[in-house]
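Asks: Encoded as structure tokens, here's the structure I'll be asking about.
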Amino acid sequence: MTTAQTKTHDETMMHRAIELAVQAQGNVSPNPLVGCVITDGSQIIGEGYHQKYGEAHAEVHAINDCLKKGFSPKGATVYVTLEPCAHIGKTSPCADLLIKQNIARCVIAVTDPYQEVNGKGIAKLTDAGIEVTLGVLEAEAREMNKFFLTSVETGLPYVAIKIASSLDAKVALKSGISKYITSEASRREVHQLRATFDAVLVASATVLADDPELSVRLCEGRSPKRIILDASLRVPESAKVYSDHHTPSTIIVCNESAIKDKQQKVQELQSRAITIIGFKSSTEQLDLESVFRELHSRNISSILVEPGPTLATTMYQNGLFNEVLLFLAPTILGDDARSGFGELHIRSLSSAGQLRLAECRRVEGSDDIFLSYRK
């Protein structure tokens with residue numbers, strides 16, 4: 001097995017595999033995004049990507065495309081964004097398929113950390129005499145699959161905090177009015193973001209204040225599951241998230257005591273196919289890490305949180321996030337407006353945590369700025 005150096009042709013082919021893979025964003029979770037390209041050394045003779053959870057993997061689509069075009073994979077080089085699987089899951093092992101097709105070389109961007117694979121696919125290929133090159137465009141492939149990799153490596157979903165604010169970090173007027181600080185172009189981008197995440201999460205205070213739909217409407221794409229943190233079940237049944245056509249994809253997280261105290265309301269919500277998850281707690285506060293672990297166990301690998309100040313503060317203080325996404329409007333609202341975070345009780349600048357800038361750009365079609373920061 002060789003480790004990738006700067007190989008222009010390999011990078012070009014892997015870039016194409018990544019282009020293919022991202023076409024399935026929002027459709028394959030909790031599986032990874034995977035693209036595959038097959039070449040005979042001079043041209044692409046087959047390509048494909050994992051299109052839908054539970055269906056054929058990228059390698060299968062690429063092999064079938066190759067054969068359909070009248071080419072043979074024998075002696076070919078295969079480029080794949082993630083290590084070919086080596087186990088029987090919903091499909092047969094892709095490593096076995098590549099071996100059966102007598103390919104000569106396999107170029108892989110990222111090793112699959114899933115315990116049933118994690119080097120086993122590479123070992124199968126090398127044991128069969130296939131040359132393996134690992135690490136071509138690894139950084140790009142890891143970024144593309146940040147949801148999947150974080151989910152497998154940590155046992156928690158990838159969590160992004162999304163905040164829309166003024167330049168002075170205000171998210172609402174003193175009266176609580178917040179619609180709309182940022183532009184329609186930014187709101188469209190938020191909807192595009194929602195379509196890529198497994199779920200969007202808010203606290204009950206947001207639902208009571210804004211009665212949001214939390215669906216994808218301003219662009220094409222599937223609407224994510226909706227998670228409402230409502231410890232005491234105070235959100236009324238008439239809320240949009242509990243009464244529209246997306247209701248069956250809604251999850252309520254609350255205290256077990258609230259389920260016992262409000263059995264009639266619980267039965268009504270469950271009759272609408274809403275999922276209710278109860279947690280033991282001696283206070284009104286939910287243990288967010290336990291909540292995230294439970295959601296992860298239900299195949300939710302990524303969550304876009306659209307928080308109010310209280311939830312944002314709790315998440316930040318406890319490090320329960322991977323990324324902060326900021327949409328900044330070109331306006332100043334002043335000290336009497338509401339801030340995006342509550343008190344953090346920071347006593348010195350040296351003790352304030354710092355985030356790493358991942359992206360900074362102007363939102364196309366507006367004067368808003370988009371910023372992405374990682375831990």
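Asks: For region 317-327, indicate whether the set of residues that are of a type in the set (D, E, K, R) and open to solvent by 20 Å² or more (accessible area, probe 1.4 Å) is non-empty.
Replies: No, region 317-327 has no match at all.
Residues checked against (1) over 23 Å from residue 145 (Cβ atoms); (2) of a type outside the set (A, V, I, L, M, F, W, C); (3) out of contact with any helix residue (DSSP H, G or I) (no Cβ under 6 Å at 6 or more places or on another chain); (4) at pLDDT below 95:
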| residue | (1), (2), (3), (4) |
| --- | --- |
| 268 | yes, yes, yes, no |
| 273 | yes, no, no, no |
| 280 | yes, yes, no, yes |
| 286 | yes, no, yes, yes |
| 298 | no, yes, yes, no |
| 301 | no, yes, no, no |
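Asks: Hey, residue 139 hits all of (1) without any contact (Cβ under 8 Å) to a residue 24 or more places away in the chain; (2) open to solvent by less than 40 Å² (accessible area, probe 1.4 Å) but one; which does it fall short on?
Replies: Of (1) without any contact (Cβ under 8 Å) to a residue 24 or more places away in the chain; (2) open to solvent by less than 40 Å² (accessible area, probe 1.4 Å), only one is false for residue 139: (2).
Asks: Let me ask something additional. From the list 34, 22, 28, which one is out of contact with any His (no Cβ under 8 Å at 6 or more places or on another chain) and either at pLDDT 95 or above or not small (Gly, Ala, Ser) (or both)?
Replies: Answer to the check: 22.
Asks: Against the definition (of a type in the set (A, V, I, L, M, F, W, C), buried (at least 21 other Cβ atoms within 10 Å of the Cβ) and at pLDDT 95 or above), how does residue 185 come out, yes or no?
Replies: In short, no.
Asks: Check 119, 70, 75 and return the single one that is more than 21 Å from the chain's Cα centre (by Cα) and free of Cβ contacts under 8 Å to residues at least 24 places away in the same chain.
Replies: The match here is 70.
Rundown of residues vs (1) without any contact (Cβ under 8 Å) to a residue 40 or more places away in the chain; (2) of a type outside the set (Phe, Trp, Tyr); (3) farther than 16 Å from residue 205 by Cα, yes/no style:
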{"residue": "234", "(1), (2), (3)": "yes, yes, no"}
{"residue": "240", "(1), (2), (3)": "yes, yes, no"}
{"residue": "261", "(1), (2), (3)": "yes, yes, yes"}
{"residue": "278", "(1), (2), (3)": "yes, yes, yes"}
{"residue": "296", "(1), (2), (3)": "no, yes, yes"}
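Asks: Among what's in region 62-115 and is among the polar types (S, T, N, Q) and touching a strand residue (DSSP E or B) at 6+ places or on another chain (Cβ under 9 Å), pick the residue that is farthest from residue 149 (Cα to Cα).
Replies: By that ranking, first place goes to 72.
Asks: Now for a separate question. Any residue in region 204-217 that is under 27 Å from residue 265 (Cα atoms), of a type in the set (D, E, K, R) and not in a helix (DSSP H, G or I)?
Replies: Narrowing region 204-217 to residues under 27 Å from residue 265 (Cα atoms): 204-215.
Then keep just the ones that are of a type in the set (D, E, K, R); that gives 210-211, 213.
After this cut, where a residue has to be not in a helix (DSSP H, G or I) as well, the list is 211, 213.
Yes, some residue in region 204-217 is under 27 Å from residue 265 (Cα atoms), of a type in the set (D, E, K, R) and not in a helix (DSSP H, G or I).
Asks: Across region 228-251, which residue is farthest from residue 301 (Cα to Cα) among those that are in contact with a helix residue (DSSP H, G or I) (Cβ under 7 Å, 6 or more places away or on another chain) and outside any loop (DSSP other than H, G, I, E, B)? Working first, answer last.
Replies: Our first condition is that a residue be in contact with a helix residue (DSSP H, G or I) (Cβ under 7 Å, 6 or more places away or on another chain); within region 228-251, this holds for 228-235, 237, 239, 241-242, 250.
This time we only want the ones that are outside any loop (DSSP other than H, G, I, E, B), so: 228-229, 241-242, 250.
Values: 228: 17, 229: 18, 241: 21, 242: 23, 250: 16 Å.
Ranking the candidates gives 242 first.
Asks: Answer yes if at least one residue in region 152-163 is in contact with a helix residue (DSSP H, G or I) (Cβ under 8 Å, 6 or more places away or on another chain), surrounded by fewer than 18 Cβ atoms within 10 Å (Cβ to Cβ) and assigned to a helix (DSSP H, G or I), and no otherwise.
Replies: No: region 152-163 contains no residue that is in contact with a helix residue (DSSP H, G or I) (Cβ under 8 Å, 6 or more places away or on another chain), surrounded by fewer than 18 Cβ atoms within 10 Å (Cβ to Cβ) and assigned to a helix (DSSP H, G or I).
The values are calculated or read from the model by the stated rules, or taken from the named source; none is laboratory data. Model, not experiment: these values are computed from the prediction. Note that we place each Cβ from the backbone using ideal geometry, even for glycine, and neighbour counts take in every protein chain shown. For accessibility, only protein heavy atoms count, side chains too; no ligands or nucleic acids. Shrake-Rupley method; radii C 1.70, N 1.55, O 1.52, S 1.80 Å.
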